[in-house]
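Here the structure is laid out as structure tokens; the discussion comes afterwards.
The values are calculated or read from the model by the stated rules, or taken from the named source; none is laboratory data. In this text, all values refer to a predicted model and were calculated from it rather than measured experimentally. Virtual Cβ from ideal backbone geometry, glycine too; neighbours counted across all protein chains shown. Ligands, DNA and RNA are excluded from the accessible area calculation, which covers all protein heavy atoms including side chains. Shrake-Rupley method; radii C 1.70, N 1.55, O 1.52, S 1.80 Å.
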Amino acid sequence: MGIKRRHWALTAAPLALALLAATGCESTPGARAKPTAAPSTSEAPFTPVARVCAKPAAGPGKAPAGAVTVDPAVIGDLAAKTKSSPPNTTFWLRPGKHRLDPDRYAQVIPKKGDRYLGAPGAVLDGRKKNQYAFGGAARNVTIRYLTVQGFVAPQNEGVVNHDSADGWVIEHATIQDNSGAGLMAGARQRVRASCLRGNGQYGMNAYKSGGDLSGLVVEGNEIVGNNTGDWERRRQGCGCTGGIKFWAVNGADVRGNWVHDNRGTGLWADTNNNDFRIENNVLEANDGAALIYETSYNAVIRNNTIRRNNWVEGRRYADRGDSFPFATVYLSESGGEPRIRARTDKIEIYRNMLENNWSGITLWENADRFCNSPANTSSGDCTLLVRDTDRCAKPAIATAPLYADCRWKTQRVDIHGNRFVLDKSVVKCTVKCDRMAVLANYGTYPDWSPYQGEGVAEAITRKQHNRWHDNDYLGPWKFVAHDPSRILDFGQWQDTPYQQDAGSTLDPQAGG
């Protein structure tokens, strides 16, 4: 936890119709293209918006047969009836504001297979007294049609599924105005058609200490206005905010969500995530990057609409004179790795519309960041190829296979068939908001590092199979290669030695 964001200064499947209806969408997505197809500018993806928060689906108006009715007039009724009922019980919460006992640790501890259904207007309110709403290790718990608000979880902890139990289903829920994270996540968790709004740190923190976190589905949700606590300012460089943060998740489908107006990054996958599909989302107006994929592996990022992101953070760094190409899609030490099992063996970014963001896509690799290096801010973690961090030490790290396997690599990234639109009058910028980049720093640290010098910069730029091709650019785009000082025009970007964006087009006057 508490992983810092890396930047240059550190180195000196489509939604079902029923789900669309439930989320207030009126259109279905366009047909999915084959991965190798390169669309023209007229074939930009259309992505419906999951307007869940404005139009929440209503729960059952009366108790289902066999359900236990929970009375909002009785403080602690929900927790007490859960405790006294057998597993696989259905609880129906009457309309009104439900409360727990005033003890800070009072919470609902479900049993295996329990189901919680909120009637229209049912709210579970922590009243800024209780830390957690639902906790414990019970599997296969379901929460539907319920608003959960006003809980005060500590930093990095969550209100719903506090203990990251497996198999939970969260549907048509509103989880809002809580401290910490609205949700934690366990293996095979499903979060669908829910509103994750205005939480203090994360809408969801997908983290499970010491356990398997696989098979996560996040579908058709609205994720808005999170990080009200502004944690990056309170703990500068903590890397501890986002609409959703993913940690060591193996297999995730993130589709059909509206991720917008979060105070920081929209979606952030950080440290040994693998096998992600991020598709058919609308990512817009987040203060930071729309998407960060960091020290992670193997992903497909396709058919997303990404617009007006990173205006706040990008401008902040530009005003400080920082030359790093901060982008709206930021891949940091992340790439495809065939030796790690997944549905793809690369990172493929295609058929996305990126419009009027602060810059485009940056591929970055910190030469000083590797297993066992003091510059590795991933809390002592090592790559998925080397389980024993202590092996990554001199002299063995200087030879195969550890020389390659002790560092996360930005490699095998395939960026094609996307449309990049930039109108500087809309973004209200003159410089540093127009970059597409692939780069690394000059390795210097620690003194026993085998990655000193320009070797990593040369590798990410020319040897690790990172490729742009068949994209359309509208607006005055510039390109950065090798290091922040090498700013290229489109012809230089396409020419030797970089040879990027074969088959692509650029119209510098069309962005407006």
Residue tally, condition open to solvent by 80 Å² or more (accessible area, probe 1.4 Å), of a type outside the set (Ser, Thr, Tyr) and within 25 Å of Asn298 (Cα to Cα), over region 392-412: 1
Filter result (more than 18 Å from the chain's Cα centre (by Cα) and among the charged types (D, E, K, R)) within region 313-329: Arg315, Arg316, Asp319, Arg320, Asp322
Selection within region 301-314 - open to solvent by 10 Å² or more (accessible area, probe 1.4 Å), touching a strand residue (DSSP E or B) at 6+ places or on another chain (Cβ under 7 Å) and either assigned to a helix (DSSP H, G or I) or under 24 Å from Trp231 (Cα atoms) (or both): Arg307, Arg308
Count of residues meeting criterion [in a loop (DSSP other than H, G, I, E, B), crowded, with 24+ Cβ neighbours inside 10 Å and β-branched (Val, Ile, Thr)] in region 344-370: 0
Condition check for Tyr442: modelled with pLDDT of 95 or more and surrounded by fewer than 19 Cβ atoms within 10 Å (Cβ to Cβ): yes
Yes/no for Gly203 being part of a strand (DSSP E or B), of a type in the set (Gly, Ala, Ser) and farther than 16 Å from Gly118 by Cα: yes
Residue among Cys433, Cys382, Cys406, Cys392 that is within 30 Å of Asn356 (Cβ to Cβ) and hydrophobic (A, V, I, L, M, F, W, C): Cys433
Pairs where the first residue, in region 306-324, is over 26 Å from Arg255 (Cβ atoms) and the second is assigned to a helix (DSSP H, G or I) and of a type outside the set (Phe, Trp, Tyr), C-beta under 7 Å, 6+ apart: Asp322/Ala9
Unmet criterion (only one of (1) assigned to a loop (DSSP other than H, G, I, E, B); (2) of a type outside the set (S, T, N, Q); (3) at pLDDT below 95) for Tyr317: (1)
Output for region 143-163, where each listed residue is closer than 23 Å to Trp247 by Cα and either open to solvent by 10 Å² or more (accessible area, probe 1.4 Å) or among the acidic types (Asp, Glu) (or both): Val152, Pro154, Gln155, Asn156, Glu157, His162, Asp163
Criterion (of a type in the set (Gly, Ala, Ser), in contact with an Asp or Glu (Cβ under 7 Å, 6 or more places away or on another chain) and open to solvent by 10 Å² or more (accessible area, probe 1.4 Å)) met by exactly one of Gly225, Gly210, Gly239: Gly225
3 or more residues under 25 Å from Gly61 (Cα atoms) and among the aliphatic types (A, V, I, L, M): qualifying strands (runs of 3 or more DSSP E) within region 77-180: 122-125
Arg277, sole failed condition from (1) under 23 Å from Asn199 (Cβ atoms); (2) touching a strand residue (DSSP E or B) at 6+ places or on another chain (Cβ under 8 Å); (3) surrounded by fewer than 24 Cβ atoms within 10 Å (Cβ to Cβ): (1)
Enumeration of residues in region 84-107 that are out of contact with any Lys or Arg (no Cβ under 9 Å at 6 or more places or on another chain) and of a type in the set (A, V, I, L, M): Leu93
Hits in region 372-391 - residues which are open to solvent by 40 Å² or more (accessible area, probe 1.4 Å) and of a type outside the set (Lys, Arg): Asn372, Pro374, Ser379, Gly380, Asp381, Leu384, Leu385, Asp388, Asp390
Qualifying residue in region 330-343 (condition: more than 19 Å from the chain's Cα centre (by Cα), of a type in the set (Asp, Glu) and surrounded by fewer than 23 Cβ atoms within 10 Å (Cβ to Cβ)): no
Those residues of region 182-200 which are assigned to a strand (DSSP E or B), in contact with a Leu (Cβ under 9 Å, 6 or more places away or on another chain) and open to solvent by less than 10 Å² (accessible area, probe 1.4 Å), in sequence order: Gly182, Leu183, Val191, Leu196
